[in-house]
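Notes to accompany the following structure.
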């Protein structure tokens, strides 16, 4: 466990020196003053601006990637709309097998000549 590059042993060492120099009563008072000072910093508007800036910088790569993907997807969508105007249109949706409607295409009919098979080359 490291807090700002200071390990637990160093923290204990600083606390022991603080107790020796300030005494138990002085350590309590110093702790209160330090707590009030830290609270005033954290609640200040300039600290909030710093936090917002840090958050923006941290999320900037993800946001840029998301925007780039959206632009690329929009370009692809525009290209496909221009190249294939009927794909995904109402014609496709209304005639698909999922919609229950069938396409009204003429079914090919066979003539008598087409029904009879030609003799194979082996029979000749």
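Pop the C-beta distance of residue 19 and residue 49 into the FRET formula with R0 = 30 Å and round what comes out to the nearest 0.05.
E(calc), rounded to 0.05, equals 0.20.
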Problem set entry | log10 of Debye I(q)/I(0), alpha-carbon scatterers only, for the range 1-82 at 0.11, 0.15, 0.20, 0.24 Å⁻¹ | -0.61, -0.82, -1.01, -1.09
Exercise. Between residue 30 and residue 2, what FRET efficiency follows from the Cβ-Cβ distance if R0 is 22 Å, with the result rounded to 0.05?
Worked result: 0.40
Exercise. In nm, to one decimal, how far is the residue 62 label point from the residue 81 one, both placed 7 Å along Cα→Cβ?
Worked result: 3.0 nm
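Every number here is computed from the coordinates shown, using simple stated rules; none is lab data. This is a predicted model, so every value here is computed, not measured. We place every Cβ from the backbone using ideal geometry, glycine too, and count neighbours over all the protein chains shown.
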